[in-house]
Amino acid sequence: MSQPRILFFGYSEVGYQCLDLLLTRGDNVVALITHEDNPNEKIWFKTPAVAARERGLPVFTPDNINTPEWRERIAALQPDLILSVYYRHMIGTKILALPRLGAFNLHGSLLPKYRGRAPINWAVLHGEPRIGMTLHRMVKAPDAGAIVDQDGVDLDPRDTAEQAFRKVLPCARRVLERQIDALLAGTAPETPQDDAQATYFGGRKPEDGRINWAQTSRQIFNLIRAVTDPYPGAFTDVGAARLMVWWAEPDSPVTVGRRGAPGEILSLAPLLIATGDGALELTRTEWRNAPAPELRVGQRL
């Protein structure tokens with residue numbers, strides 16, 4: 001009996017790790033559908049295309065898979081199982097209905113929390129103490145299908161989004177390794193999600209890194225660590241110049257007892273900025289767009 005045919009949709013290092021697992025096991029992966037790298041995005045991760053090309057696996061990068069032409073091409077691949085791992089486009093229900101064993105997705109959160117885009121960044125921004133990876137059946141609504149398995153890790157309150165990503169990355173491979181044989185046999189356990197517990201967040205844009213100094217020091221610090229390098233970064237504008245804030249300290253000794261109007265410069269060396277409930281010490285910054293302006297104590301950002 002021939003091995004079930006797996007069609008793999010994926011991107012990012014999570015996609016690389018999971019595709020590498022399948023190819024290392026000798027599973028019958030018939031093709032990879034992925035994305036071209038965005039020249040405006042910092043590619044700091046391995047991608048599944050690397051694993052696919054090393055093994056001679058066909059690689060496709062359509063802009064839109066939900067066209068009649070691509071539905072026909074996917075049907076011609078005769079997939080028995082579709083796996084999606086960090087693929088960034090919605091896969092239409094006509095494609096999801098093709099494989100006899102179903103279509104399953106690995107999502108970067110402990111569903112039903114943090115459905116949607118950029119779940120790790122959002123979890124760090126909200127100060128979550130724990131994140132994870134969830135394998136679930138794909139349905140029309142994003143990240144809403146029955147859960148097959150999930151695995152999680154604890155976060156440190158100072159972890160950046162990249163550090164959180166590195167911590168949670170092994171969870172994806174562990175979950176897929178535990179469940180792939182059951183998926184291929186059509187016997188994977190499925191537990192419906194509790195929609196009442198669900199939260200959903202959309203994609204993030206660079207503009208979402210703008211600092212609101214009226215927030216608490218901890219809220220601003222969580223934003224900074226959620227979008228710091230290699231992501232686009234948190235920032236505040238001073239005239240035509242943009243001050244990128246790559247790191248800050250919410251509990252620095254120099255911030256104790258310091259208060260002011262939100263956004264007020266309390267000190268230049270160290271650079272202390274008043275927040276909604278205290279002050280932040282900005283420890284790693286960068287000026288962009290224009291020469292660095294001359295800052296003064298008492299100035300509002």
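The values are calculated or read from the model by the stated rules, or taken from the named source; none is laboratory data. Predicted model, so just to flag it, every value in this text is computed and none were measured. Heads up, the Cβs are rebuilt from the backbone with ideal geometry, glycines too, and the neighbour counts pull from every protein chain shown.
Give me a count of the residues in the range 235-284 that are over 15 Å from R210 (Cβ atoms) and either of a type in the set (V, I, T) or assigned to a helix (DSSP H, G or I) (or both).
Number satisfying all stated conditions: 6.
So, in the range 245-301, how many residues would count as being in contact with a Pro (Cβ under 6 Å, 6 or more places away or on another chain) and surrounded by fewer than 18 Cβ atoms within 10 Å (Cβ to Cβ)?
Summing the residues that are in contact with a Pro (Cβ under 6 Å, 6 or more places away or on another chain) and surrounded by fewer than 18 Cβ atoms within 10 Å (Cβ to Cβ) in the range 245-301 gives 2.
Just to be sure I understand, how many residues within the range 29-80 are hydrophobic (A, V, I, L, M, F, W, C), closer than 25 Å to R166 by Cα and not in a helix (DSSP H, G or I)? Give the steps one after another, and end with the answer.
Pass one, the range 29-80, residues hydrophobic (A, V, I, L, M, F, W, C): 29-33, 43-45, 49-52, 57, 59-60, 65, 70, 74-77.
Imposing the further condition that a residue be closer than 25 Å to R166 by Cα reduces the set to 32-33, 43-45, 49-52.
Okay, now just the ones that are also not in a helix (DSSP H, G or I), so 32-33, 43-45.
So the count comes out to 5.
Mind checking whether some residue in the range 106-114 is part of a helix (DSSP H, G or I) and within 23 Å of D143 (Cα to Cα)?
Taking the range 106-114 and keeping what is part of a helix (DSSP H, G or I), we get none.
Within the range 106-114, not a single residue is part of a helix (DSSP H, G or I) and within 23 Å of D143 (Cα to Cα).
When you check I120 against the structure, is it of a type in the set (V, I, T), at pLDDT below 95, in the same structural domain as L155 (by TED's automatic domain parsing) and under 16 Å from the mean Cα position of the chain (by Cα), yes or no? Please lay out each step first, then the result.
Details: of a type in the set (V, I, T): yes; at pLDDT below 95: no; in the same structural domain as L155 (by TED's automatic domain parsing): yes; under 16 Å from the mean Cα position of the chain (by Cα): yes.
Criteria not met by I120.
Enumerate the pairs (first residue in the range 176-195 and among the basic types (K, R); second residue anywhere and outside any loop (DSSP other than H, G, I, E, B)) with beta-carbon separation below 8 Å, excluding pairs fewer than 6 apart on the same chain, so at least 6 apart or on different chains.
These pairs meet every condition: R178/D149.
Filter the range 156-173 down to the residues that are charged (D, E, K, R) and surrounded by 15 or more Cβ atoms within 10 Å (Cβ to Cβ) and list them by number. Spell out the reasoning first.
Going residue by residue through the range 156-173, those that are charged (D, E, K, R) are 156, 158-159, 162, 166-167, 173.
Correct list: D159, E162, K167, R173.
Tally the residues that are surrounded by fewer than 19 Cβ atoms within 10 Å (Cβ to Cβ) and either in contact with a Lys or Arg (Cβ under 8 Å, 6 or more places away or on another chain) or more than 30 Å from R100 (Cα to Cα) (or both), restricting the search to the range 129-145.
4
From the list V148, V153, which residue is assigned to a strand (DSSP E or B), surrounded by fewer than 18 Cβ atoms within 10 Å (Cβ to Cβ), out of contact with any Ser or Thr (no Cβ under 7 Å at 6 or more places or on another chain) and among the β-branched types (V, I, T)?
Details: V148 fails: surrounded by fewer than 18 Cβ atoms within 10 Å (Cβ to Cβ).
Exactly one residue qualifies, and that residue is V153.
Here's a check for you: in the range 24-57, which residue that is buried (at least 21 other Cβ atoms within 10 Å of the Cβ) and either among the hydrophobic types (A, V, I, L, M, F, W, C) or not assigned by TED's automatic domain parsing to the domain that holds R178 (or both) is nearest to E72 (Cα to Cα)?
Among residues in the range 24-57 that are buried (at least 21 other Cβ atoms within 10 Å of the Cβ) and either among the hydrophobic types (A, V, I, L, M, F, W, C) or not assigned by TED's automatic domain parsing to the domain that holds R178 (or both), the one nearest to E72 (Cα to Cα) is I33.
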